[in-house]
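Here's the structure we're looking at; comments come further down.
The values are calculated or read from the model by the stated rules, or taken from the named source; none is laboratory data. Given the structure is predicted, the values throughout are model-derived calculations rather than measurements. Here the Cβ positions follow ideal geometry from the backbone for every residue, glycine too, while neighbour counts run over all protein chains shown. For accessibility, only protein heavy atoms count, side chains too; no ligands or nucleic acids. Shrake-Rupley method; radii C 1.70, N 1.55, O 1.52, S 1.80 Å.
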Amino acid sequence: MKSTSLLSLILSSILVAPALAKEESDVDHRGVYVGGGYGLISASGGDDFDDDDAYNVFIGTQFNQMISLEAGYLDFGKLGNDTFNTKLDGYTLGLKLGLPVTERITLFVKGGNYWWDADLSGFDNTLSLDGNDLFYGAGASFAISKNWQLNLDYTRYDFEFEDNEIGIFSNVDKFNGEVDYASLSVQYTF
């Protein structure tokens, strides 16, 4: 259900964005920007994790249409089920490298580091821990006007928990894994 809703939102955004775009030829590809997004996550660390939704906010500086440096906050919410779950959130710092298709459309890849906090719950125990791991992804940005743009992206976050850190939770099969985040965000460049 959520996958269908996100797909509908993405497709309608792609169709509506060109209609909203003004005939301006000067899109602002430089400066400080802020934004926020919403998306779906899928955890592959175990078979009994359910897909869920997440949100992010970010700030960055765009040097030109091809290079940006971006920091953000990402909240994955609660991953798992009633027996075992993880609440996961944290901060990102990464680099975006773009390939301009037109003045208004840019394809990009991104990568960086994710500093996270996790609260693990299960087996009548709760454990809080933190760490940092890499993320990487790809996407496209669509300039709607001089300062506004829509971003569609797909990002993978790799997580590793050491057995000596998580104690009894190390009994969970394939506890380490990836979290995939497909999102739609809006961005404003100052």
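On the accessible surface of segment 41-140, probed at 1.4 Å, how many percent belong to carbon and sulfur atoms?
Roughly 58 percent, rounded to a whole number.
Please list 122-131, 56-65 highest first by mean number of surrounding beta-carbon atoms within 10 Å per residue.
Listed from highest to lowest mean packing, they are 56-65, 122-131.
Let's test the formula: R0 of 25 Å, r as the Cβ-Cβ distance of residue 126 and residue 34. What FRET efficiency results, to the nearest 0.05?
0.15
Using Cα pairs under 8 angstrom and six or more residues apart, how large is the relative contact order of segment 26-123, in percent?
22 percent
Under a plain spin-label model, where a point goes 7 Å from the Cα along Cα-to-Cβ, how far apart in nm are residue 113 and residue 95?
Label at residue 113, label at residue 95, 1.4 nm between them.
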